[in-house]
Amino acid sequence: VIARSFSSSAVNSAIKNVTVIGGGLMGSGIAQVSAQAGQNVTLVDVSSDVLAKAQKSIGTNLGRVAKKVYKDNPAQGEKFVSESMSRIKTSTDPAEASKTADLVVEAIVENMSVKHKLFKQLDEAAPSHTILASNTSSLSINEIASVVKRKDKFGGLHFFNPVPVMRLLEVVKGAETSEATYKSMMEWGKAVGKTCITCKDTPGFVVNRLLVPYICEAIRLYERGDASARDIDIAMKLGAGYPMGPLELADYVGLDTNKFILDGWHKKYPNQPLFKPIPLLDKLVSEGKLGVKSGEGFYKYD
Ligand code: CAA
Ligand code: NAD
């Protein structure tokens, strides 16, 4: 899977310098795929501990790629890892880090006011040609863009977890995203090895608009006692060909993230039955059972 996306990265993009803000799960993956495609990357986080962790996991994951792509030439593989790593700088100062960027991809916490604060800062600090983009899962691109002056140079670049493996990138056009910005985002997406699709600024874009209600329906089915968690997951893997069952996937994405997305949409669209709160999901989250990251969700993890 990785080999396929890696080999498609020889596409040209006018964007050469990318700053990724947020060094967590998504940001570290976005930094990795950018660096392995030859981009100069600055990875930014408020926490230097997170940045150290991100560099470590990027190194490990690049090693996984090298093992496959350069399986007959380990020396070339080592060179690929060290060259890719050398293209990633880190910083704890978003404004400073955006000064050299052609593109800034934001992957910080899913919170509108925190994102607004950051984008105001970036809009002031970044050169006028710089494109600003958000990796938001569920918030409106137009609403995020409302605080910047360069609305024509703002859009959504929505990656999927795990970023080095998932081959899709959703390129989201806001109401004021220019054609030139849209074209640059599509070209950059291809250059970092992804297949791009386009979507308007609608809740969840394409994937999450379909995936989140599906996961929620699976939780409701389990909550009603219609089938066991294991049987629901087996059913969708063997009966529908999904790589993970819906409850496994909910644990993988994070139950807090699922709840956050659902609550936000319910508040905005109170009459949509698919977005109604789920008592079992609320209970698990309130007990700190967040899925893989906390060691327990629908399943237990070591
Ligand atoms: N980083 C890098 N590589 C990874 C990886 C990671 N975190 N996890 C797995 N891999 C690689 C492995 O090295 C392996 O590579 P090869 O096939 O080339 O050997 C490959 O991915 C498969 O991994 P595994 O054999 O360990 O495990 P698997 O076959 O069970 O696959 C999976 C793991 C790719 C995660 C697969 O189960 C899957 O596709 N699950 C569904 C994931 C999904 O739906 N993601 C979207 C979530 S929604 C979202 O992201 C949007 C949002 O806004 C919330
Ligand atoms: P995460 O919690 O793993 O990482 C977020 C990082 O941002 C943390 O390391 C935090 O220290 C840092 N941060 C917070 N505020 C910051 C600021 N002001 N400046 C710099 N760094 C800051 O979260 P994640 O799962 O990587 O999600 C990030 C974004 O990507 C969210 O908008 C989320 O909705 C979206 N997303 C998540 C997934 C997923 O499956 N987890 C998939 C697609 C998109």
Calculated FRET efficiency for the pair residue 167/residue 60, C-beta based, R₀ 25 Å, to 0.05: 0.75
Trypsin sites (Lys or Arg not before Pro) within the stretch 188-263: DSSP coil, no more than 16 neighbouring Cβ in 10 Å: 224
222 nm mean residue ellipticity, helices alone, for the chain (DSSP H n ≥ 4; -39,500 (n - 2.57); rounded to 500): -15000 deg cm²/dmol
Long-range amide H partners of residue 136 with built H, under 5 Å: 157
Relative contact order of the chain, defined on C-alpha pairs under 8 angstrom at six or more residues apart (%): 15
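Could you look at the chain and say what percent of its accessible area is carbon and sulfur, using a 1.4 Å probe and all protein chains?
C and S fraction of accessible area: 56 percent.
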Other-chain or far-sequence residues with amide H under 5 Å of residue 42's (modelled H): 18, 19, 20, 89
Ordering of 247-253, 60-66 by burial proxy (mean other Cβ atoms within 10 Å per residue, highest first): 247-253, 60-66
By accessible area with a 1.4 Å probe, ligands and nucleic acids excluded, highest first: order of 266, 129: 129, 266
Cα→Cβ-extended label distance, 7 Å offset, between residue 280 and residue 195, nm: 3.2
Accessible surface, 1.4 Å probe, highest first, among residues 173, 283, 115: 283, 173, 115
Surface per residue (accessible, 1.4 Å probe) for the chain, Å²: 48
In sequence order, calculated HN-Hα J values of the stretch 183-199 (Karplus, 6.51, -1.76, 1.60; Hz; x Gly/Pro): 4, 4, 5, 5, 5, 5, x, 5, 4, 8, x, 9, 8, 9, 10, 10, 9
Among 271, 111, 12: highest mean-square fluctuation, GNM of the chain, C-alpha pairs under 10 Å: 271
Per-residue ³J(HN,Hα) for the stretch 65-76, Karplus 6.51 cos²θ - 1.76 cosθ + 1.60, θ = phi - 60°, Hz, x for Gly and Pro: 5, 4, 4, 8, 5, 10, 5, 9, 9, x, 5, 5
Calculated from backbone phi, Karplus (6.51, -1.76, 1.60) coupling profile of the stretch 116-130 in Hz, x at Gly/Pro: 4, 4, 5, 5, 4, 4, 5, 4, 6, 8, 6, x, 5, 7, 5
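The values are calculated or read from the model by the stated rules, or taken from the named source; none is laboratory data. All values derive from a computational prediction rather than experimental measurement. Methodologically, a virtual Cβ is constructed for each residue, glycine included, from the backbone with ideal geometry; neighbour enumeration extends over all protein chains shown. Side chains included, ligands, DNA and RNA excluded: accessible areas come from the protein's heavy atoms. Shrake-Rupley method; radii C 1.70, N 1.55, O 1.52, S 1.80 Å.
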